[in-house]
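Visitor: For reference, the structure I am asking about is given below.
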Amino acid sequence: MYSNPILKNSKSIYLYIFFSVVVTAVYIFFLQFSSGISFSAALLDGLVYNYLLFGMGLGFWYPARFISIEDNSITKIVISHLLGAVLATGFWILIGHATLNFLLDYYNLNSFETNNMLAWRSLIGAMFYFLIVSFYYMTIYYVGYREREIEETVLKNLITQAELKSLKFQINPHFIFNSLNSMSALTSIDPERARSMILKLADFLRYTLANSDKQKNKLREELANIKLYLDIEKIRFEDKFEFKEELDDVCLDHPVPNMILQPLFENAIKHAVYEAIEPVTLTLKCAPVDEFLKITLENNFEETGLKKKGAGIGLKNISDRLALIYGTSNLMKIETTDNIFRIVLFIPR
């Protein structure tokens, strides 16, 4: 943004040179046929005045760069550029006139400068100044706009990542505290089960830490970690629940958000298994449906059982994470039918 956009790459330079050649050719043709001078004189005039003007045009970047629209009043900008146009045009005509007359004398060609051409050159010089300065202003605005867009995108991504990490951190401590409480209780009454639970928890946390920076994992990887989690809960609840899975093979290698399943199972354990008298069946299903991967976890529950209430952090966590990752809301649905509690996730394919 701080260098002349025409000089930033070879393509811009070539376009500028091509444009100057076309303008010069048109100028020479017009001058020769409108004034009746020789082609040699028209050629010298065109080359001197046009290439001097286009060369000066590269320097017009600096008044556009340093007379900022954001930092100056309209009055100051107009007055500054009017003065700039007068000085640039005067300098252009003076140097061009001296150079052209020297070349005409050198090649023994007749001078043809007139007052009418002087007025015409003044108009061309001023118009060119304002046109190229306007081009530079538009370039500055566009580049600044793109930079702000990129900065906003980066900032939004950083905010999203921070929110996702915050949501992840809500999951792990919640589960760890429950497990530590259970291990504490088992230490005195069944040390072997407590030891087994510690080893399972270590494997579970190892997976969690190893994948903490990953946004997504394959479903089969998440499922392997869920089985570790269920092994830990089996030590706590023994035969109070069983796990079944009905998974389409297509689902297993599909990426899903990291740690998206664990809160589902934790919710089922907490609200269905914890107070249940009869065994609870947890069934995980997955199948492709249209443009989504449909993941369903369902469990039976006892209508008359005492329902353990919580803050609802786990399920809200899932809904918030899905919305942040995929930029779409309503990717989670909760259903209750015939003593079956069901949570459905829709993962875009």
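The values are calculated or read from the model by the stated rules, or taken from the named source; none is laboratory data. If you're wondering where the values come from, they're calculated on a predicted model, not measured in any experiment. No Cβ is skipped: glycine too gets one built from the backbone with ideal geometry, and neighbour counts run over all protein chains shown.
Visitor: Which number in (1) modelled with pLDDT of 90 or more; (2) surrounded by 11 or more Cβ atoms within 10 Å (Cβ to Cβ); (3) under 28 Å from Gln32 (Cα atoms) marks the one condition that Ser111 misses?
Guide: (1)
Visitor: Give the stretch 41-56 a look and list any residue that's out of contact with any Phe, Trp or Tyr (no Cβ under 7 Å at 6 or more places or on another chain) and not acidic (Asp, Glu), or say none. Give the derivation first.
Guide: Let us first name the residues in the stretch 41-56 that are out of contact with any Phe, Trp or Tyr (no Cβ under 7 Å at 6 or more places or on another chain), namely 42-45, 47-49, 51, 54-55.
Answer for the stretch 41-56, where residues must be out of contact with any Phe, Trp or Tyr (no Cβ under 7 Å at 6 or more places or on another chain) and not acidic (Asp, Glu): Ala42, Leu43, Leu44, Leu47, Val48, Tyr49, Tyr51, Phe54, Gly55.
Visitor: Could you list all residues from the stretch 294-317 that are in a loop (DSSP other than H, G, I, E, B) and either modelled with pLDDT of 60 or more or among the polar types (S, T, N, Q) (or both)?
Guide: Across the stretch 294-317, the qualifying residues are Phe301, Glu302, Glu303, Thr304.
Visitor: Ser122: part of a helix (DSSP H, G or I) and farther than 28 Å from Asn9 by Cβ, yes or no?
Guide: Yes; evaluated as a whole, the condition is true for this residue.
Visitor: Out of the residues in the stretch 169-192 that are β-branched (Val, Ile, Thr) and modelled with pLDDT of 75 or more, state the one that is nearest to Leu264 (Cα to Cα). Talk me through it step by step, then tell me what you get.
Guide: Residues of the stretch 169-192 β-branched (Val, Ile, Thr): 171, 176, 187, 189.
Now drop any that are not modelled with pLDDT of 75 or more, which leaves 187, 189.
Working: Thr187: 28, Ile189: 30 Å.
Step by step, filter the stretch 169-192, then rank; the result is Thr187.
Visitor: Determine the pairs where a residue that is in the same structural domain as Thr296 (by TED's automatic domain parsing), located within the stretch 227-255, has a partner that is among the basic types (Lys, Arg) and in a strand (DSSP E or B) with Cβ atoms under 8 Å apart, the partner being 6 or more residues away or on another chain.
Guide: Filtered contacts from the stretch 227-255: Glu245/Lys285; Glu246/Lys285; Leu247/Lys285; Leu252/Lys218; Asp253/Lys218; His254/Lys218; Pro255/Lys216; Pro255/Lys218.
Visitor: What pairs come out if I take residues in the stretch 127-154 that are within 14 Å of Tyr62 (Cα to Cα) and touching a residue at least 60 places away in the same chain (Cβ under 8 Å) and pair them with residues that are among the charged types (D, E, K, R) and surrounded by 11 or more Cβ atoms within 10 Å (Cβ to Cβ) whose C-beta lies under 9 Å away, six or more apart or interchain?
Guide: Within 9 Å, the pairs are Tyr136/Arg65; Ile140/Arg65.
Visitor: Filter the stretch 116-135 for residues that are among the aromatic types (Phe, Trp, Tyr) and surrounded by fewer than 16 Cβ atoms within 10 Å (Cβ to Cβ); which is modelled with the lowest pLDDT? Lay out the reasoning, then the answer.
Guide: Pass one, the stretch 116-135, residues among the aromatic types (Phe, Trp, Tyr): 120, 128-130, 135.
Then keep just the ones that are surrounded by fewer than 16 Cβ atoms within 10 Å (Cβ to Cβ); that gives 120, 130.
Working: Trp120: 83, Phe130: 91.
Once the filter is applied, the top-ranked residue is Trp120.
Visitor: Right, here's the next one. Which ones in the stretch 237-264 are part of a helix (DSSP H, G or I), modelled with pLDDT under 90 and surrounded by 20 or more Cβ atoms within 10 Å (Cβ to Cβ)?
Guide: Gln262, Pro263, Leu264
Visitor: Out of all the residues in the stretch 47-69, which are within 12 Å of Ala88 (Cα to Cα) and assigned to a loop (DSSP other than H, G, I, E, B)?
Guide: Once the filter is applied, which keeps residues that are within 12 Å of Ala88 (Cα to Cα) and assigned to a loop (DSSP other than H, G, I, E, B), the stretch 47-69 yields only Phe60.
Visitor: So, in the stretch 70-98, of the ones that are surrounded by 14 or more Cβ atoms within 10 Å (Cβ to Cβ) and under 13 Å from Leu53 (Cα atoms), which residue ends up modelled with the lowest pLDDT?
Guide: This residue is His97.
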